[in-house]
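Report on one structure; see the data block that follows.
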Amino acid sequence: MSTYVTKTVNTGRFQTFICEGGESNLEIIIFLHGSGPGVTSESNWRDILPELTDRYHVIAPDMYGFGKTVHPEIPPKSFWEWTNSRVEQVLELMDFLDIEKAKLVGNSMGGYVSLNLVMTAPERFEKVLLMGSAGGEANPTPEIGRMVGYYRNPTHTALKNLTKWFVYDEKALGGELESVLKERYEVVMRPEVRNSYLSNMFPMGPGEGVIPPSALKRMEQPFLLLHGVEDRFVSKESSLSLLQHLPNAQLHLFKGCGHWIQIEKRESFLKMLVRFFEGDM
């Protein structure tokens, strides 16, 4: 099993921290993480990337406003502006790395950014895998409300509760719960991270976090939608809504699974990813 390296890439407007491996491979996958407190590309994908570097060139950036990517001194004023900046960040990174086309894997908010990337530059993305993705029509849950409000009072206890709620059963984290909490809380307490989170990073108005069906029906790429039935942060109705409008999509629901499919159903996730991207499903 190969590994990956981490580095910061100055592409012009953005100084983006990335995890990268398998550079000699022709097929390229860009992995986009979600928006949970303390999330980074590495914490989201470290158990996935090494399994794929033997056959794919994998790239996972810390998106603008997260982790070790340089944060804006004057943050965007709305969720849409944040999203547009992240779309520009990914496209700028692809140009810098001389990547004409790539496959996308988007988790949660990363799925929302993936859909906006396809809407903005459809010719640059071949296939898209969305996992617990935002962007469909679904009612917000009490859990997502607690997550959005977390940075108003970012206690360790609240982060521990959120982390447990991300999975259907915290036993899926094995003995790693405390190390996950330590890593994420250290990120949470960085002033620039907290400043970005508090700056209108989440949808505020009705429909602001939903991709218009008029856009979805024009996305011709093959999509694979994966969702945990017990996901309490982005409910499965989001993927069911996306499935209704995307013309070339399939959906797989995981029973006994919450929001972190890459952890709770890791082996199945890896097998389905390879099968989908290789054209076997």
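The values are calculated or read from the model by the stated rules, or taken from the named source; none is laboratory data. Just so it is clear, the structure is predicted and the values come from calculations on it, not from any experiment. Reconstructed Cβ throughout: ideal geometry from the backbone, glycine too, with neighbour counts over all protein chains shown.
Among the conditions (1) farther than 19 Å from residue 132 by Cβ; (2) out of contact with any Pro (no Cβ under 7 Å at 6 or more places or on another chain), the only one that residue 4 does not satisfy is (2). Looking across segment 255-281, just one residue is of a type in the set (Asp, Glu) and closer than 14 Å to residue 233 by Cβ, and that is 264.
The combined condition, being touching a Pro at 6+ places or on another chain (Cβ under 7 Å) and crowded, with 21+ Cβ neighbours inside 10 Å, is not fulfilled by residue 35. Taken over segment 108-118, the criterion of being buried (at least 21 other Cβ atoms within 10 Å of the Cβ) and either touching a Leu at 6+ places or on another chain (Cβ under 8 Å) or in a helix (DSSP H, G or I) (or both) is satisfied by 109, 110, 111, 112, 113, 114, 115, 117, 118. Taken over segment 119-139, residues that are assigned to a loop (DSSP other than H, G, I, E, B), buried (at least 17 other Cβ atoms within 10 Å of the Cβ) and of a type in the set (A, V, I, L, M) amount to 2.
Checking the structure you have, find out if any residue of segment 245-262 is out of contact with any Ser or Thr (no Cβ under 7 Å at 6 or more places or on another chain), β-branched (Val, Ile, Thr) and modelled with pLDDT of 95 or more. Yes, some residue in segment 245-262 is out of contact with any Ser or Thr (no Cβ under 7 Å at 6 or more places or on another chain), β-branched (Val, Ile, Thr) and modelled with pLDDT of 95 or more. The set of residues from segment 183-210 being more than 21 Å from the chain's Cα centre (by Cα) and part of a helix (DSSP H, G or I) comprises just one member, 191.
Selection within segment 1-24: residues that are within 12 Å of residue 60 (Cα to Cα) and of a type in the set (Ser, Thr, Tyr). The member of this set that is surrounded by the most Cβ atoms within 10 Å (Cβ to Cβ) is 16. Among the numbered conditions (1) surrounded by fewer than 16 Cβ atoms within 10 Å (Cβ to Cβ); (2) at pLDDT 95 or above, the only one that residue 170 does not meet is (2).
Restricting attention to segment 241-273, the residues being over 18 Å from the mean Cα position of the chain (by Cα), part of a helix (DSSP H, G or I) and over 18 Å from residue 167 (Cβ atoms) number 5.
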